[in-house]
1. I'd like to compare 88-94, 128-134: which one has the highest average count of other Cβ atoms within 10 Å, and what's the full order after that?
2. So for 99, 41, fewest C-beta neighbours within 10 Å to most, what's the order?
3. As a footprinting exposure proxy, order 69, 107 by other Cβ within 10 Å, with the fewest listed first.
4. Report the relative contact order of segment 66-144, percent, no decimals, based on alpha-carbon pairs under 8 angstrom and at least 6 residues apart.
5. Please report the Cα spread of segment 35-97 along all three principal axes, rounded to whole Å, starting with the longest.
6. Grab the beta carbon distance between residue 93 and residue 139, set R0 = 41 Å, and tell me the FRET efficiency rounded to 0.05.
7. Could you check the spin-label model distance between residue 64 and residue 80? Points 7 Å from the Cα along Cα→Cβ, value in nm.
8. Sequence gap at least 6, Cα distance under 8 Å: using those rules, report the relative contact order of segment 2-136 to the nearest whole percent.
């Protein structure tokens with residue numbers, strides 16, 4: 001009986017470890033637009049740049065966009081699709097994003113509704129495409145949220 005209990009505890013520990021490295025803990029990059037999405041939807045483990053005072057969060061959207069957009073809520077639909085809600089660093093705007101896996105290393109990021117995420121072009125704010133092809137960053141896979 002004791003061996004059986006020990007075996008179940010070991011299996012549960014392994015399952016927890018696999019979940020923490022599952023499909024929703026990763027860093028994605030869009031080379032064309034120079035935009036990064038770093039996320040861990042299993043736990044709040046990511047320090048968002050310029051928002052360190054709030055402590056670890058589930059992730060952020062940053063790069064060649066105006067401000068930093070932190071993940072404020074999410075809904076994992078399946079292993080291949082999730083919906084994220086991001087808010088800008090001022091908290092004045094929110095954007096709903098659908099993320100769908102296309103292949104092992106490619107994801108489609110779609111801004112739902114009116115796209116309020118913009119980038120700075122000189123003194124103007126300009127729209128970014130409503131769909132971005134994101135590639136998994138092989139250097140950050142498994143190390144997202146770690147220091």
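1. Per-residue Cβ counts within 10 Å, averaged per peptide and sorted highest first, yield 128-134, 88-94.
2. By the 10 Å Cβ count, ascending: 41, 99.
3. Ranking 69, 107 by Cβ neighbours within 10 Å, fewest first, gives 107, 69.
4. About 21 percent, as a whole number.
5. 31, 21, 20
6. Computed FRET efficiency for residue 93 and residue 139: 0.85.
7. Those two pseudo-labels are separated by 3.0 nm.
8. So the answer I get is 17 percent.
Read-outs throughout are calculated quantities, based only on the coordinates presented, and are distinct from any laboratory measurement. No experiment lies behind these values; they were computed from the predicted model shown. In this analysis, Cβ positions are derived from the backbone assuming ideal geometry, glycine residues included, and neighbour counts consider all displayed protein chains.
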